[in-house]
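Each remark here refers to the structure printed beneath this line.
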Amino acid sequence: MDKHRQSISDKLLKPEHHDPYLRPWHQRSDTLCPQCGAAYQAGRWTWHDLVDASNAEEATCPACQRIAENVPAGTVSLRGAFVKQHADELCGLVRNTEELEKSEHPLERLIAISDSADGLDVTTTGLHLAQRIGHALEAAYDGELQIHYNHEEYYVDIHWQRD
Ligand SMILES: [Zn+2]
């Protein structure tokens, strides 16, 4: 990969520059979230132990904050007759996708999976998880996938339909 492409992919991989919930965290000292155990260290949230936990502050991480305030960064709407018939299976895929994403990225989590009159509604704390769920649904079950970003608001709205 050349330098230019590297810097583009770095930008894509660093959405925290736009996430209002992450903005206050720039340049903070080491912090541990007492609710989920995620650690903020050297400008990043990870599941790793802090090098020096004795000096760490405690504060709620952006993901726990979004969950508590129910402010999703992503929504995935699953629609169509297929969704009603395979709700359990689809919930399983959504949860497995969260496990994979969350294990590497502590701020990418599910907020809720809820039944609606016409399908299932999934909310997430991060853009990447919502996007990954959309692609996982399409890869596993075809259907029709639509992704709408709102970069200004740091929000992604995903619609997946299979009749
Ligand atoms: Zn937390």
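Computed from Cα atoms, the angle from the helix 127-141 axis to the main principal axis of the chain rounds to 30 degrees. With the cut-off at under 18 Å, measuring from each backbone N in the stretch 125-163 to a point 7 Å along the Cα-to-Cβ line of H86 picks out 132-146, 159-163. Of the residues N150, N70, N96, the one that moves most in a GNM of the chain with alpha-carbon contacts below 10 Å is N150. The antiparallel fraction among DSSP beta bridges confined to the stretch 69-161 stands at about 75%.
Dipole size of the stretch 50-163 about its Cα centre, with +1 on Lys/Arg Cβ and -1 on Asp/Glu Cβ: approximately 180 debye, rounded to the nearest 20.
Under conditions of 10 °C and 1.306 mPa s, the chain yields 94 µm² s⁻¹ as its translational diffusion coefficient, taking Rh as the Kirkwood radius over Cα pairs in the Stokes-Einstein equation. Any idea what angle helix 87-104 forms with the longest principal axis of the chain, computed on alpha-carbon atoms, 0 to 90 degrees, nearest 10? Tilt of helix 87-104: around 20 degrees. Its DSSP H runs of at least 4 residues, each contributing -39,500 (n - 2.57), put the calculated 222 nm mean residue ellipticity of the chain at -10500 deg cm²/dmol, to the nearest 500. The Cα atoms of the stretch 69-161 define a convex hull whose projected area, averaged across directions, is 5.7 nm².
Sparsely packed loop sites in the stretch 86-157 (the GluC sites (Glu not before Pro) outside DSSP H, G, I, E and B with at most 16 other Cβ atoms within 10 Å) comprise E152, E153. Give the long-range amide H neighbours of A73: residues separated by 5 or more places, or on another chain, with amide H under 5 Å away, using H modelled in the peptide plane at 1.01 Å from N. Amide H neighbours of A73, under 5 Å, 5+ apart: T124, T125, G126.
Laboratory data are not the source of any read-out in this text; all were calculated from the coordinates shown. Computed from a predicted structure; not experimentally measured. We place every Cβ from the backbone using ideal geometry, glycine too, and count neighbours over all the protein chains shown.
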